[in-house]
Amino acid sequence: MILAIPVFRGRISPRFDCACRFLLFRKDGGKIVSTEDFYTGDFSSQQIINSLFDRNVDVLLCGGIDSITKEYLEKNKIKIISWLTGDIQNVIDGYLCGNLRNRSIVERGGRCRRRWRFRGHS
């Protein structure tokens, strides 16, 4: 299984479509077995999406993502956990422990103690 995370200064990028860099993690048997770092600074949103498809990404862990892009990725079999915030290692730990939920603020050890609240959403 391959996980993708848009990165900004060691944290999850606040927006999927503005990320200049992605980290890919290959997961096998509950552990991360390899990591790839790739640059997307000059890419359009569609080029980023195509890069995820080309790299056979199964899961996208991201911050903000527009509904059209999210729908398109999910339709093409990429599972998305979105509106996350936190350090990359904490997010990976949370995913490996099964703690991540949409709109989570991920803390040390992958704990999701709080959730973002948006106007009009519970």
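The values are calculated or read from the model by the stated rules, or taken from the named source; none is laboratory data. On a predicted model such as this, the values are computed, not experimentally measured, just so you know. Because the Cβ atoms are built from the backbone with ideal geometry, glycine has one as well, and the counts that use them run over all protein chains shown. Side chains are part of the model used for accessible areas, which takes the heavy atoms of the whole protein and leaves out ligands, DNA and RNA. Shrake-Rupley method; radii C 1.70, N 1.55, O 1.52, S 1.80 Å.
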- Note on the structure: Conditions (1) over 24 Å from residue 99 (Cβ atoms); (2) at pLDDT 95 or above; (3) part of a strand (DSSP E or B) -> residue 38 fails only (2)
- Among residues of segment 1-25 being open to solvent by less than 10 Å² (accessible area, probe 1.4 Å) and not in a strand (DSSP E or B), the residue nearest to residue 97 (Cα to Cα) is 13
- For segment 87-114, which residues satisfy the criterion of being at pLDDT below 55 and open to solvent by 50 Å² or more (accessible area, probe 1.4 Å)? 111
- Across segment 26-77, what is the total count of residues that are of a type in the set (Phe, Trp, Tyr), over 17 Å from residue 7 (Cα atoms) and open to solvent by 90 Å² or more (accessible area, probe 1.4 Å)? 1
- Query: So is residue 84 surrounded by 15 or more Cβ atoms within 10 Å (Cβ to Cβ) and closer than 17 Å to residue 104 by Cα or not?
  - Reply: yes
- Tell me, which strands (runs of 3 or more DSSP E) wholly within segment 41-107 include 3 or more residues that are touching a helix residue (DSSP H, G or I) at 6+ places or on another chain (Cβ under 7 Å) and farther than 23 Å from residue 30 by Cβ? none
- When residue 121 is evaluated against the numbered criteria (1) closer than 14 Å to residue 14 by Cβ; (2) open to solvent by 100 Å² or more (accessible area, probe 1.4 Å); (3) modelled with pLDDT under 80, which criterion, by number, is the only one it fails? (1)
- Restricting attention to segment 9-35, which residues are touching a strand residue (DSSP E or B) at 6+ places or on another chain (Cβ under 7 Å), more than 23 Å from residue 85 (Cβ to Cβ) and touching a residue at least 12 places away in the same chain (Cβ under 8 Å)? 26
